[in-house]
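Here's the structure, in structure tokens; my notes come after.
The values are calculated or read from the model by the stated rules, or taken from the named source; none is laboratory data. In this text the structure is predicted, and so the values were computed from the model without any measurement. As a convention, Cβ positions derive from the backbone with ideal geometry for all residues, glycine included, and neighbour counts pool all protein chains shown. Surface areas here come from the heavy atoms of the whole protein model, side chains and all, with no ligands, DNA or RNA. Shrake-Rupley method; radii C 1.70, N 1.55, O 1.52, S 1.80 Å.
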Amino acid sequence: MGNAQESLPGPDLTKGVGAGEVVQGAALVGHVAGDPVLLTRCDGKVVAVGARCPHYGGPLGEGLIVGDTIRCPWHHAAFSLRTGKRLRPPALGDLPCWETEERDGRVVVLGRRSVPAPPAIRAPVVGAPTSVVIIGGGAAGVVAAQTLREEGYDRPIALIELGPSAPYDRPNLSKDYLAGTASEEWIPLHPPSFYQEQDIELLLNTRVDRIDTAMRRIVLGDGTTRDYGTLLIATGATPVTLDIPNPGQPVHYLRTLADSRALIEASERSQRAVVLGASFIGLEVAASLRARGVEVTVVGPEARPLERVLGAEVGDFVRGLHEAHGVTFRLGQTASAIDAAAVVLQSGERLPADLVIAGIGVRPNIELAQDAGLGIDRGILVDEYLETNVAGIYAAGDVARWPDRHTGERIRVEHWVVAERQGQTAARNMLAGAAGTRERFDTVPFFWSQHYDVTIAYVGHATHWDAITVDGDLSANDCAITYQLAGRQVATATVFRDRVSLSAELAMEERAGSVTH
Ligand SMILES: Cc1cc2nc3c(=O)[nH]c(=O)nc-3n(C[C@H](O)[C@H](O)[C@H](O)COP(=O)(O)OP(=O)(O)OC[C@H]3O[C@@H](n4cnc5c(N)ncnc54)[C@H](O)[C@@H]3O)c2cc1C
């Protein structure tokens with residue numbers, strides 16, 4: 001993974017290619033008037049779509065074709081090859097399409113197909129809720145709002161967000177944005193006009209304080225109330241705070257855009273950072289601070305970073321990667337005090353620090369649901385359709401614990417793509433009550449994490465395993481690690497083997513009988 005290739009790939013498709021080169025199930029990438037274009041066949045008919053994923057520009061030609069869809073190698077978005085329509089987040093936009101002609105043994109790409117304008121008056125969805133209120137303008141919330149409109153829902157939607165910013169790319173906050181290599185305009189998920197155009201009422205700086213399930217009403221921080229037809233709770237999670245009394249300097253946490261900005265500002269005045277927590281956020285922050293020339297020491301209680309999630313092999317690899325970039329580790333250690341100039345470890349060692357960041361986990365924001373009497377068990381309990389025990393109230397994203405078909409257990413995960421897909425499914429199910437076609441949430445969990453120029457992709461969910469198979473060479477950045485439990489593949493982590501990650505995901509879907517588009 002990395003940045004999209006800037007030079008134009010393959011042949012000029014307006015000049016044509018041999019018809020035999022365009023094969024069903026395979027992608028041929030070329031270019032048309034400066035745009036990379038992917039050619040393939042669906043039921044024998046040639047189709048041409050944009051070759052770059054609208055999410056981060058992933059090269060779709062290296063993705064996986066499944067039926068008449070294509071999946072992006074970087075973060076597993078999926079698109080229809082026939083229409084270019086985005087089927088699965090994390091992409092939030094569609095692919096452009098081109099007209100093609102097959103004649104005299106050649107395939108030629110013609111002009112860009114015009115996108116049909118969305119109907120000014122949408123077809124009403126029969127029996128749909130009178131209004132939808134979404135609590136939380138994060139990954140799950142924004143995708144739910146967008147999906148409702150895409151599905152033709154024409155009644156009021158309110159997206160209520162505690163923070164001051166319209167929905168943004170949270171994963172970037174610890175990566176390129178913090179490192180200084182992503183510009184500010186990458187961060188919002190949609191331009192401000194989107195909410196107006198889609199008639200989504202976006203309420204920022206607005207806290208929902210209470211849910212009155214009997215009255216189907218929410219109470220806002222200023223005491224005003226709003227009625228809802230259907231409700232989605234997508235309140236995400238909050239960083240766990242350190243249990244260290246009276247720190248002698250500010251301790252930074254990273255969840256919001258404001259947190260990331262504050263960290264950037266502080267890093268500009270800092271020489272030595274101590275990161276407390278050797279998991280994903282802590283390590284990504286360490287990498288980004290190194291890119292800013294700050295010295296970094298990472299402290300964590302575990303013997304190896306990420307070992308609990310990814311195993312010893314990946315843990316050692318990640319540690320080596322960070323050490324090669326100048327990070328020092330104090331593992332098997334925790335902090336006992338923080339003064340104005342240092343972090344003091346339980347061992348008594350003083351680590352000089354003018355910047356302290358803690359990434360020691362998050363807890364789901366379940367209080368609203370709890371106070372409203374919804375079913376709770378280390379998250380908000382939802383069924384396979386993401387509905388809570390109160391009809392008409394759904395939960396999605398970091399807060400939701402759902403019955404996962406792949407593990408046979410109830411799980412809650414903290415992954416961007418899962419939150420977005422849950423937002424999509426919850427939205428469809430709000431409308432499906434009427435149509436009677438509810439959609440099970442069957443997504444195989446997927447996440448990625450980026451350290452310098454290395455991205456680790458992970459599909460599946462393994463809290464424990466009894467065997468690990470390492471295929472390839474981690475030190476050469478070319479590897480797939482398979483986690484097995486009782487002979488069954490439960491997860492796969494990959495480094496620069498994106499196709500293996502996609503194939504593993506598909507295999508898990510096929511095993512569960514849940515290949516959906
Ligand atoms: C720095 C960082 C990097 C990450 N990197 C990755 C990554 O690389 N890959 C990956 O898979 N995942 C990553 N994640 C995790 C991912 O961002 C989360 O899993 C995802 O954001 C969850 O989406 P969500 O919609 O459930 O919650 P959120 O995106 O957190 O959105 C919830 C929103 O609800 C709002 N809210 C809460 N309570 C209220 C209330 N009472 N009233 C109104 N609004 C409220 C919050 O302000 C928040 O904006 C990262 C997370 C962080 C913080």
Discussion item. Quick check on LEU368: is it at pLDDT 95 or above and within 27 Å of GLY221 (Cα to Cα)?
Written reply: yes
Practice prompt. Report, ordered by the first and then the second residue, all pairs with beta carbons closer than 9 Å, sequence separation of six or more or different chains, a first member in the range 190-218 that is within 19 Å of THR130 (Cα to Cα) and free of Cβ contacts under 8 Å to residues at least 24 places away in the same chain, and a second member that is among the aromatic types (Phe, Trp, Tyr) and buried (at least 18 other Cβ atoms within 10 Å of the Cβ).
Written response: ARG217/TYR228
Worksheet entry | Subset of the range 471-483 that is part of a strand (DSSP E or B) and open to solvent by 60 Å² or more (accessible area, probe 1.4 Å) - its residue that is farthest from VAL318 (Cα to Cα) | ASP471
Worksheet item: Got at least one residue in the range 456-464 being hydroxyl-bearing (Ser, Thr, Tyr), within 20 Å of the chain's Cα centre (by Cα) and more than 30 Å from LEU368 (Cα to Cα)?
Response: yes
Item to complete: Among what's in the range 243-294 and is aliphatic (A, V, I, L, M) and open to solvent by 40 Å² or more (accessible area, probe 1.4 Å), pick the residue that is farthest from the ligand (Cβ to nearest atom).
Response: ALA291
Item to complete: May I ask you to list the residues in the range 497-516 that are part of a loop (DSSP other than H, G, I, E, B) and surrounded by fewer than 21 Cβ atoms within 10 Å (Cβ to Cβ)?
Response: GLY513, SER514, VAL515, THR516
Discussion item. Quick test of your reading of the structure: ARG103 fulfils all but one of (1) open to solvent by less than 10 Å² (accessible area, probe 1.4 Å); (2) out of contact with any Pro (no Cβ under 8 Å at 6 or more places or on another chain). Name the failing condition by number.
Written reply: (1)
Worksheet, complete the sentence: Note on GLY221: of the conditions (1) more than 13 Å from the ligand (Cβ to nearest atom); (2) under 20 Å from ILE134 (Cβ atoms), unmet is (1)
Worksheet item: From the residues in the range 297-311 that are in contact (Cβ under 8 Å) with a residue 24 or more places away in the chain and more than 16 Å from the ligand (Cβ to nearest atom), which one is most open to solvent (accessible area, probe 1.4 Å)?
Response: PRO301
Worksheet item: Using beta carbons and a limit of 9 Å, which pairs, at least six apart or on different chains, have the first residue in the range 392-403 and more than 12 Å from THR230 (Cβ to Cβ) and the second one among the hydroxyl-bearing types (Ser, Thr, Tyr) and in a strand (DSSP E or B)?
Response: ALA400/TYR394
Item to complete: At least 3 residues that are crowded, with 19+ Cβ neighbours inside 10 Å in each: list the strands (runs of 3 or more DSSP E) lying fully within the range 116-229 that qualify.
Response: 132-135, 157-160
Item to complete: Filter the range 398-414 down to the residues that are open to solvent by less than 30 Å² (accessible area, probe 1.4 Å) and farther than 17 Å from ALA369 by Cβ, then identify the one that is nearest to the ligand (Cβ to nearest atom).
Response: VAL413
Practice prompt. List the strands (runs of 3 or more DSSP E) that sit entirely inside the range 238-344 and contain at least 1 residues that are under 25 Å from SER475 (Cα atoms) and out of contact with any His (no Cβ under 7 Å at 6 or more places or on another chain).
Written response: 272-276, 295-300, 328-331
